[in-house]
1. Would you mind checking which residues have amide H under 5 Å from PHE271's amide H? H placed 1.01 Å from N; only 5 or more apart, or other chain.
2. Once the piece of chain linking ARG204 and VAL185 is laid out straight, how much longer is it, given 0.36 nm per residue of separation minus the C-alpha distance between them?
3. Assuming 0.36 nm per residue, please report the length gained on full extension of the stretch MET122 to ILE177 beyond their Cα-Cα distance.
4. Using a basic spin-label model with each label point 7 Å from the Cα along Cα→Cβ, how many nm lie between GLU349 and SER79?
5. Give me, ordered by chain and number, the residues 5 or more places off TYR254 or on other chains with an amide H under 5 Å from its own placed amide H.
6. Modelled label-to-label distance, TYR90 and TYR265, 7 Å Cα→beta-carbon offset: nm?
7. Under the 0.36 nm per residue contour assumption, what length would be gained going from the current alpha-carbon distance of VAL387 and ASP97 to full extension?
8. Got the relative contact order for the stretch 296-371 handy, in percent, Cα pairs under 8 Å and 6 or more residues apart?
Amino acid sequence: MADKIALSNYKAHTTDKEDNSDSLLFLSHEKLSYERRYSGDWKQHCWPLNACQTIDPEEKRKALVKKNGGYRVFLAGLSEYRKKYITDLYFTLVDLDWKYALTIIFLIYLVSFLLFAAFWWMMAYYNGDFENVGNDKHEFCLEGVSSFPGVILFSLETQTTIGYGVAYPNAMCGPTIPLMYLQVVLGFLIETLMLGLIVVKIARPKYRANTILFSKYATINQENGQLVLQIRVGDLRKSHLVDATITGMVIRKYTTPEGAYYPLYQFRCDFSANEMGDQVFLLWPIILTHVIDKSSPLYNFKPADLSTEKFELIVYLTGTVESTGETCQARSSYLPKEIMWGYRFERIEEYNRGRRRWQIDFTGFEDVLHCQNISHSARELDERKKVGKSKENELCSGNTS
């Protein structure tokens with residue numbers, strides 16, 4: 001209970017209703033004409049005319065990477081590169097949203113049915129089938145078909161091999177066999193491609209990332225005499241990622257000594273899982289640690305900089321899905337206001353004597369505990385340590401003399 005109170009107090013202290021000062025997208029200055037409220041869920045805002053709009057909480061964060069791992073980068077000026085998507089048509093279809101992909105699948109089948117229906121209709125028309133309906137002496141190319149809707153139904157039956165038995169082709173009619181062969185072969189090809197597309201979209205490893213949990217907040221505390229940044233990551237499934245590794249980077253602006261300006265510069269930010277380096281074994285939720293030393297991009301940051309600094313910490317967890325062997329990547333990001341100074345994550349591992357096994361309580365996955373009062377950066381703490389050591393050396397030298 002104390003942990004939840006501490007977390008709520010921290011959120012109330014660091015969160016402002018319309019504060020976007022820590023957003024990395026500092027080049028965007030568009031103003032919204034209505035209030036956006038963020039509580040972790042999607043909200044609806046209704047205008048006076050009762051026209052409701054669904055509001056994404058990520059719009060308030062204005063981060064490059066969403067909490068669920070999606071990217072918030074808009075690509076413009078691609079009109080001259082449209083042909084690139086056509087040459088890579090299959091993966092273009094795979095990357096489409098389901099609503100567009102299903103629409104294209106239905107249209108492809110509809111076009112193929114209508115196209116071959118037109119061919120069957122032309123064959124029957126030039127053979128005089130429609131003019132001799134009811135004439136027993138006429139040799140029909142399509143038996144049991146007397147109109148264009150009937151031809152469409154016949155085309156659908158032929159391509160899907162349904163065969164109701166009412167309409168059937170006459171093998172003695174010249175174009176019948178070649179046309180049927182062409183439609184059946186192309187029908188099988190279309191079905192194979194569409195089935196493969198659906199299977200690939202369903203089995204995409206990115207959906208496996210939905211069961212990988214990252215903590216909503218990162219914490220900074222002192223551990224083993226060093227200032228460290230920590231996040232918690234867990235896997236909800238019992239079949240875990242194989243050979244999983246963790247990678248992090250900090251995105252912020254950077255100017256070279258020569259004056260070259262990079263608004264989105266990537267700085268390496270190494271994480272380790274206990275003493276395992278970047279190897280992560282998610283048998284239970286793990287606290288990932290980044291040591292804030294001289295090589296860290298956070299070396300000069302202190303709590304007072306939360307309101308002025310603009311950067312984004314992005315974390316990537318990459319591993320192989322055990323059941324399919326495909327590579328999966330889970331992502332999340334943290335803005336300065338989502339980093340809690342002086343806190344650490346509460347322990348959620350407990351040995352259950354009744355079950356005789358360790359128990360993980362995911363209800364406390366986000367729980368943190370205030371442990372230290374930190375007001376200095378890692379650089380300032382290192383300088384204080386050096387000053388303290390120099391004073392000790394002076395005292396020791398004075399006693400020796």
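The values are calculated or read from the model by the stated rules, or taken from the named source; none is laboratory data. Source: prediction; values computed, not measured. Reconstructed Cβ throughout: ideal geometry from the backbone, glycine too, with neighbour counts over all protein chains shown. Heavy atoms of the whole protein, side chains included, go into the accessibility calculation; ligands, DNA and RNA do not. Shrake-Rupley method; radii C 1.70, N 1.55, O 1.52, S 1.80 Å.
1. Result for PHE271 returns GLY248.
2. Roughly 4.0 nm would be gained on extension.
3. Details: separation 55, 0.36 × 55 = 19.80 nm, distance 1.48 nm.
Between MET122 and ILE177, full extension yields an extra 18.3 nm.
4. With each label placed 7 Å out from Cα toward Cβ, I get 5.8 nm.
5. Distant-sequence amide H within range of TYR254: TYR262, TYR265.
6. In this crude spin-label approximation the distance works out to 4.2 nm.
7. Gain in length upon complete extension: 98.5 nm.
8. Numbers: 78 pairs, mean separation 17.7, N = 76.
Averaging sequence separation for qualifying contacts and normalising by length gives 23 percent for the stretch 296-371.
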